Amino acid sequence: MISLNGKGNSVAPVFPPGVNSLVRWSIAGGVVLVLTVVGLASALYWSPLVTDVNVAKEQPVPFSHHRHVSANGIDCRYCHTTVETSSFAGIPPTETCMTCHSVILNDQEMFKPVVDSWESGKPMEWTRLNDMPDFVYFNHSIHIDKGIGCNHCHSNETAKIEDMRLTVKAQTFHMSWCLDCHKDPSQYIRPKDEVFNMDWEPGSVDAKNSYEAFGVANQEELGAKLVKDYNVEVEQLTNCSICHR
Amino acid sequence: MKWMSMKNWVLCGLVLATMTGCHPDLWNQDRYEPLESGASVFGEGESSARMLVEGTVPYQGAKLDDAYYRGRNTNGELLTALPEQMTLSRELLKRGQERYGIYCSPCHGDQGAGDGMIVQRGFVPPTNFSAPRLLESPVGYYFEVMTNGFGRMYSYASRIPVEDRWAIAAYVRVLQLSQNATPDLLTDELLNKAKNPPAPKVEAGHGAGHEADNHENKEEAKGEH
């Protein structure tokens, strides 16, 4: 019983006895609820449901980078011709497919959409995988020209672009992901002639060969050197107007 | 104590609700990205990149310079040297080598023997660039084939800019030379190397050392074609 007037007179309690623990539990419950909501929201934010990372989409023909790049050694630029010179990497027109498939596989049923497109002149409709929102500006050529490799943006630990049997998006492309590099490109920058080397990543065997060739010990030293050599203007890379213009 | 009136709560809710509604508008605005479909001006489901109307002339102007754009001189004969717009240099050959690797080696092979990966997978085998007929073909011939295609081989004009086509043509001539070099073309230093070859390195990736030498020779012997 609670004593309110110090004289030992007991007054009927305003709250019934169970309330103290109820209050404690509801505070705890509130915290848990908030955490759950935040957790769920961020799980959703990072989940493939929203980011589409590693999710294969339906395509008119099952085009395989594994078959063309890993197994047959075709360079990215044979098909994505404008990646070095323009903002847009370029999706190959049907004519590019036909330079080889006028002879190879052109009688197969699964290949029919390509032959139909060639004969009718109506372009193939590939499902887009990597797609920046329209309020973000992105440009391939500047990244290629400053030594940022395709695989940094189009591969992850489980899905390598050159080994994809069906193409998937490999990175979230959240703003924070872009900024991780824009704050300090020296973590990832590589010599320009390694941009198309899909095995090059900081610390890999091929990267160690580059460190040796440049007479440096590690990525930190190589990065510092290349950022200077390639005139990367790091200070301005986090300005909002670089990407939102 | 009331820190926010009911009216404010309702207003807040409305603002939040409209914000979720905003998302798609800004994410997908009324402009077209390359190849985006649904450009209704042109008809539903059509690509934003339009097919060229037949007979379209590029806006840089008509390509009247036959030597540069078609590899033939004013008499209609194939050029035997690079056109005046191009200068032969180590950089040009390096560029040619790189572009050859991207666009030609899948079929013609690194050495021009016509045994590239795509041929091994069933494509028609092209003639070895070291065949006597091709050794005698002038540089303009290689430019012309890339520009117009040849038999089973499609044209590469839409994918390889004119300067790069000349760079490749120059490189192919050097490649042929490297496969058929006679001693009098080599510098003394290279001749010495050829007479006293260094002991072959034993490596897992066999032939790597040899290939590197070969590339060196190609560059040393440049300018002789």
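The values are calculated or read from the model by the stated rules, or taken from the named source; none is laboratory data. On a predicted model such as this, the values are computed, not experimentally measured, just so you know. Here the Cβ is made from the backbone with ideal geometry for all residues, glycine too, and neighbour counts use every protein chain on show. Areas reflect the complete protein model, heavy atoms only, side chains present, ligands, DNA and RNA absent. Shrake-Rupley method; radii C 1.70, N 1.55, O 1.52, S 1.80 Å.
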Next on the checklist: Using 30 Å as the Cα-Cα cut-off, could you pick out the over-long pairs in A:Lys208/A:Lys228; A:Lys225/B:Lys94; A:Lys169/A:Lys192; A:Lys57/A:Lys228; A:Lys169/A:Lys208; A:Lys146/B:Lys193?
Outcome noted: A:Lys57/A:Lys228; A:Lys146/B:Lys193
Checklist outcome for this item: Averaged over the residues of A:131-139, the number of partner chain Cβ atoms within 10 Å of each residue's own Cβ comes to 3
Checklist outcome for this item: Highest mean packing first, using Cβ neighbours within 10 angstrom, the peptides A:139-149, A:109-119 sort as A:139-149, A:109-119
Checklist entry - Of all accessible surface on chain A at a 1.4 Å probe, what whole percent is carbon and sulfur? => result 60 percent
Checklist outcome for this item: Relative contact order in percent for the range B:87-179 (Cα pairs under 8 Å, 6+ apart) equals 34 percent
Checklist entry - If R0 is 30 Å, what FRET efficiency do you get for A:Asp107 and B:Ser155 from their C-beta distance, rounded to 0.05? => result 0.80
Checklist entry - What ³J(HN,Hα) values, in whole Hz, does the Karplus curve 6.51 cos²θ - 1.76 cosθ + 1.60 give for the range B:93-109 when θ = phi - 60°, with x put for Gly and Pro? => result 5, 5, 4, x, 4, 5, 5, 4, x, 6, 9, 10, 4, x, 10, 7, x
Checklist entry - Based on the Cβ-Cβ distance from B:Val10 to A:Ser141, what FRET efficiency comes out when R0 is 60 Å, to the nearest 0.05? => result 0.75
Checklist entry - In peptide B:150-157, how many Cβ atoms from other protein chains are near each Cβ within 10 Å, on average? => result 2
Checklist entry - Going through the DSSP H helices of chain A, which span 30 Å or more along their own axis at the Cα atoms while scoring at least -1.0 as a mean Kyte-Doolittle hydropathy? => result A:19-46
Checklist outcome for this item: Once phi for every residue in the range A:50-67 is put through the Karplus expression 6.51 cos²θ - 1.76 cosθ + 1.60 (θ = phi - 60°), the whole-Hz ³J(HN,Hα) values, with Gly and Pro written as x, are 9, 7, 6, 5, 6, 9, 7, 10, 5, 10, x, 10, x, 5, 10, 5, 4, 4
Next on the checklist: Return the equivalent ellipsoid semi-axes of the range B:87-179 as a descending list in whole Å, where each equals the square root of 5 times an eigenvalue of the C-alpha gyration tensor.
Outcome noted: 19, 15, 13
Item to check | the range B:174-182 - phi-based ³J(HN,Hα) in whole Hz, Karplus 6.51/-1.76/1.60, Gly and Pro as x | outcome: 5, 4, 4, 4, 5, 7, 10, 5, 9
Checklist entry - Considering amide H positions built from the backbone, and no H for Pro or chain starts, which residues 5 or more places from A:Phe88, or on another chain, come under 5 Å of its amide H? => result A:His140
Item to check | For the range B:100-121, residues shielded by at least 40 square angstrom of accessible area compared with the chain on its own, probe 1.4 Å | outcome: B:Ile102, B:Tyr103, B:Ile118, B:Arg121
Checklist entry - Over what distance in Å are the Cα centres of the range A:184-233 and the range A:99-163 separated? => result 27 Å
Checklist entry - Across peptide A:142-148, what mean number of C-beta atoms from other chains lies inside 10 Å of a residue's C-beta? => result 0
Next on the checklist: Between B:Arg121 and A:Val37, what's the calculated FRET efficiency when r is the beta-carbon distance and R0 is 51 Å? Round to 0.05.
Outcome noted: 0.40
Item to check | For B:Arg72, distant residues with modelled amide H under 5 Å away | outcome: B:Ala67, B:Leu79
Item to check | Ranked by how many other beta carbons lie within 10 Å on average, peptides A:63-69, B:5-11, B:173-179 from highest | outcome: B:173-179, A:63-69, B:5-11
Item to check | Additional length obtainable on full extension of the chain from A:Leu22 to A:Lys122, 0.36 nm per residue less Cα span | outcome: 29.2 nm
Checklist entry - What total accessible area, in Å², is buried where chains A and B meet, using a 1.4 Å probe and rounding to the nearest 100? => result 2600 Å²
